[in-house]
Amino acid sequence: MRTPISASSTITISPRAKPLWKRFLSQWQVQAMIWPALIFIFVFSYLPMYGVLMAFQDYSLFKGFFGSQWTGLKHFEAFFHSPDFFRVIRNTIVISLLKLFIGFPAPILLALMLNEVRNMVFKRVIQTISYLPHFLSWVIVSGFTISLLSVDNGSLNILLQSLGLTDKPINFLSTPEYFWGIIVTTNLWKEIGFATIVYLAAIAGVDQSMYEAASIDGANKFKQIFLITLPSITPVILIFLILNIGGLLNAGFDDLLLLGSSPMLRDVADVIDTYAYRVGIINNRFSYAAAVGLFKAIISVGLLTMANYLARRAGSSLW
Amino acid sequence: MKLSSSDKTLHIIIYILLIILGMVTLYPFWNSAVISFNVGMDTSRGGVTIWPRQFTLDNYKIVFQDNRILHAFYISVMRTLAGTAISIFLTAIFAYGLSVKGVIGKKYYMIFAIITMYFSGGLIPFYLVNRELGLMNSFWVMVIPTAVSVWNMIIFRTFFMGLPVGLEESAKIDGCSTFGIFFRIVLPLSGPVLATLSLFTAVYHWNDWFTATIFINKTELFPIQTMLQQILNSNIMSEQLTIALKGNGAAADAMSRMQSVTTKSLTMATMMVATLPIIAVYPFVQRFFVKGVLVGSLKE
């Protein structure tokens, strides 16, 4: 079935003795395990990367990528001058920053609280419950949100009415003023528990003798949290914060599409990604949408490079 | 260790806050379940929150008799099975190949793969590539384009490289081929990492609604999540419509009360059905994922 020579495929005793192609053939089995995936990556990641050049074309479905006319920066200019530009950029940055300001510290706070719980059963129960929403699809989560906030006997309206805070049910889901709050809360609900995992791991690594020493010196729990736990996990917090800044233009997609698709909410819900989707795939303006996407990608790469640089600096200066 | 009184106060506050958090997290789920078990007409009279007022299984009976929903459920099951199996297989052999010593071109293959973690063409070119490949309105568009996960490859590879080298060496000396080593020695030792990544991949496939939204416009190929999204979308529409009609007299009101089941109660029952598989695997996922997440974040 097999020859003994190719059986010793991967251990090459004298690597330079044979020409490259012979060595390559002798390890065909390993190569055969690698190449299918490389082809997949080429087709589904590299072809689209190359295809992004259509942002400089007037791409038409009939003429295809190679038949379409090149038009330079036309679509970029159109985007920069369009009335959508300011709104889309503002929404992207505002939603992203709101998510960061609230969604970033919340899991740290939760991790600190969970760490104080001594009853292990209680701790496990809370953790199990709080991780669960992470595994639900955005469709389900948006369904919950729609049901809870519904004008038609949604639980929140029932609560507000029974407390006498409002006499008429509030139409939360199509009032632009509420949209950002709803998005931030829904995201917080979905991800707060799951995001604690990393911080809990970091807290678990803190030297326990520091707490003993502190309590002998008379520091109460509150002081211990601020003087020992928080400073000890600062490096982790800092790295995550910097990486989050790298993703500043990722304001979210599924949540905004599912909860903000109503035309009434367009002024507050349209971000770069959802805009590119709507203009490109629904309205078939492919080249224009590709230009919008490329604009975002270029700025994102810049932000990421900066973030990585900062992370490395923060990492080294902290040691 | 004894707690001082200020520490006790702090602990009480923390316990209370955590209990509130737990309840707030569970409530949306609980409330939807309650509505799905309540007579729809009764729900629309208001006040159904933490306990069904008129218990019924009618909503579920109708959902389980609805062929479109059952079919969407079937599509979801099939894509989850096919998607997970193909993805894990391709990614695992890829990772193993890149973990073997002395593979020609390994460094370049790694760079080739990792670049895709930082750069992508974006949605539109991705969409058009799939379109050109004839994947529009095909079941396989939900399986093939995401089959190779570079992220999972790195986790697999880290695991494979941590396996004792001696095992593979001795198998090689015994005349075992690379395929043989992988399938007969490496894979049986990779239970935990296989389970973790399979579960994550399966959860992704079960939850994904967007792929079908953009690539598929035949309802009979919709997975349950996409179907549900369309139902929810039409619900919002009808609710806004009802609000508009309400000033117009009781016509809309009567319309929505004609049957004991309502769109809302049916939607909630469908949502519960779509969530059930996640709840069913959740205990297993939870056992593994903490480890998985930490491996992932170390790589970052």
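The values are calculated or read from the model by the stated rules, or taken from the named source; none is laboratory data. Note that this is a predicted model, so its numbers are computed, not measured. Cβ placement follows ideal geometry from the backbone for every residue including glycine, while neighbour counts extend to all protein chains displayed.
Key figures for this structure:
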{"read-out": "Failed condition for B:Arg53, given (1) over 22 Å from the mean Cα position of the chain (by Cα); (2) surrounded by 17 or more Cβ atoms within 10 Å (Cβ to Cβ); (3) more than 30 Å from A:Trp35 (Cβ to Cβ); (4) not small (Gly, Ala, Ser)", "value": "(2)"}
{"read-out": "Qualifying residues in region B:139-150 (those that are more than 9 Å from chain A (Cβ to nearest Cβ) and β-branched (Val, Ile, Thr)) - the one nearest to A:Trp35 (Cα to Cα)", "value": "B:Val143"}
{"read-out": "Residue that is modelled with pLDDT under 90 and under 24 Å from A:Ala276 (Cα atoms), where the choices are B:Asn233, B:Asn137, B:Asn207, B:Asn130", "value": "B:Asn233"}
{"read-out": "So A:Asn284, is it at positive phi and surrounded by fewer than 18 Cβ atoms within 10 Å (Cβ to Cβ)", "value": "yes"}
{"read-out": "Answer residue from region A:141-151, given it is of a type in the set (A, V, I, L, M, F, W, C) and outside any loop (DSSP other than H, G, I, E, B) and is farthest from the other protein chains (Cβ to nearest Cβ) among those", "value": "A:Leu149"}
{"read-out": "From the options A:Leu230, A:Leu173, A:Leu159, residue that is more than 10 Å from chain B (Cβ to nearest Cβ) and part of a helix (DSSP H, G or I)", "value": "A:Leu230"}
{"read-out": "Single condition B:Ile13 does not satisfy, out of (1) within 13 Å of another protein chain (Cβ to nearest Cβ); (2) assigned to a loop (DSSP other than H, G, I, E, B)", "value": "(2)"}
{"read-out": "Subset of region A:247-276 [more than 17 Å from the chain's Cα centre (by Cα) and within 18 Å of B:Pro125 (Cα to Cα)]", "value": "A:Tyr275, A:Ala276"}
{"read-out": "Every residue from region B:16-50 that is crowded, with 19+ Cβ neighbours inside 10 Å, outside any helix (DSSP H, G or I) and among the aliphatic types (A, V, I, L, M)", "value": "B:Val39, B:Val48"}
{"read-out": "Filter result (away from chain A (no Cβ under 11 Å), in contact (Cβ under 8 Å) with a residue 40 or more places away in the chain and under 16 Å from B:Phe156 (Cβ atoms)) within region B:78-89", "value": "B:Thr84, B:Ile88"}
{"read-out": "Entirely in region A:62-140, the helices (runs of 4 or more DSSP H) that have 3 or more residues that are within 28 Å of the chain's Cα centre (by Cα)", "value": "A:74-81, A:84-103, A:105-116, A:120-131"}
{"read-out": "Tally of residues being of a type in the set (Gly, Ala, Ser) and part of a helix (DSSP H, G or I) across region B:140-150", "value": "0"}
{"read-out": "Single unsatisfied condition, A:Gly64 versus (1) surrounded by fewer than 18 Cβ atoms within 10 Å (Cβ to Cβ); (2) away from every other protein chain (no Cβ under 12 Å)", "value": "(2)"}
{"read-out": "Any chance B:Thr219 is in contact (Cβ under 8 Å) with a residue 24 or more places away in the chain and farther than 30 Å from A:Leu47 by Cβ", "value": "no"}
{"read-out": "Selection from region B:168-181 of residues that are at the interface with chain A (Cβ under 7 Å from one of its Cβ atoms) and either among the aromatic types (Phe, Trp, Tyr) or exposed (fewer than 15 other Cβ atoms within 10 Å of the Cβ) (or both)", "value": "B:Gly175, B:Phe179"}
{"read-out": "Top-ranked residue of region A:178-227 - restricted to ones that are among the charged types (D, E, K, R) and part of a helix (DSSP H, G or I), ranked as farthest from the other protein chains (Cβ to nearest Cβ)", "value": "A:Glu191"}
{"read-out": "Residue in region A:292-312 that is among the polar types (S, T, N, Q) and either closer than 15 Å to B:Tyr127 by Cα or more than 20 Å from the chain's Cα centre (by Cα) (or both) present", "value": "no"}
{"read-out": "Residue within region A:59-73 that is touching a residue at least 40 places away in the same chain (Cβ under 8 Å) and charged (D, E, K, R) present", "value": "no"}
{"read-out": "Residue in region A:156-174 that is surrounded by fewer than 21 Cβ atoms within 10 Å (Cβ to Cβ), within 25 Å of A:Gly260 (Cα to Cα) and under 18 Å from the mean Cα position of the chain (by Cα) present", "value": "no"}
{"read-out": "So B:Arg79, is it assigned to a helix (DSSP H, G or I) and surrounded by fewer than 14 Cβ atoms within 10 Å (Cβ to Cβ)", "value": "no"}
{"read-out": "Number of positions in region A:215-232 that are of a type outside the set (D, E, K, R) and either touching a Leu at 6+ places or on another chain (Cβ under 7 Å) or in contact (Cβ under 8 Å) with a residue 60 or more places away in the chain (or both)", "value": "5"}
{"read-out": "Unmet criterion (only one of (1) without any contact (Cβ under 8 Å) to a residue 12 or more places away in the chain; (2) touching a Phe, Trp or Tyr at 6+ places or on another chain (Cβ under 9 Å)) for B:Gly46", "value": "(2)"}
{"read-out": "Residues of region A:124-140 that turn out to be touching a helix residue (DSSP H, G or I) at 6+ places or on another chain (Cβ under 6 Å) and more than 7 Å from every other protein chain (Cβ to nearest Cβ), as a count", "value": "2"}
{"read-out": "Test: residue in region B:57-76 that is buried (at least 16 other Cβ atoms within 10 Å of the Cβ), within 11 Å of another protein chain (Cβ to nearest Cβ) and either at positive phi or under 28 Å from the mean Cα position of the chain (by Cα) (or both)", "value": "yes"}
{"read-out": "Every residue from region B:93-114 that is assigned to a helix (DSSP H, G or I) and more than 7 Å from chain A (Cβ to nearest Cβ)", "value": "B:Ala95, B:Ser99, B:Lys106, B:Lys107, B:Tyr108, B:Met110, B:Ile111, B:Ile114"}
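Here's the yes/no breakdown for (1) facing another protein chain (nearest Cβ under 8 Å); (2) assigned to a helix (DSSP H, G or I); (3) on the phi > 0 side of the Ramachandran plot:
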| residue | (1), (2), (3) |
| --- | --- |
| B:Thr91 | yes, yes, no |
| B:Thr116 | yes, yes, no |
| B:Tyr127 | yes, yes, no |
| B:Gly134 | no, no, yes |
| B:Asn137 | no, no, yes |
| B:Asn152 | no, yes, no |
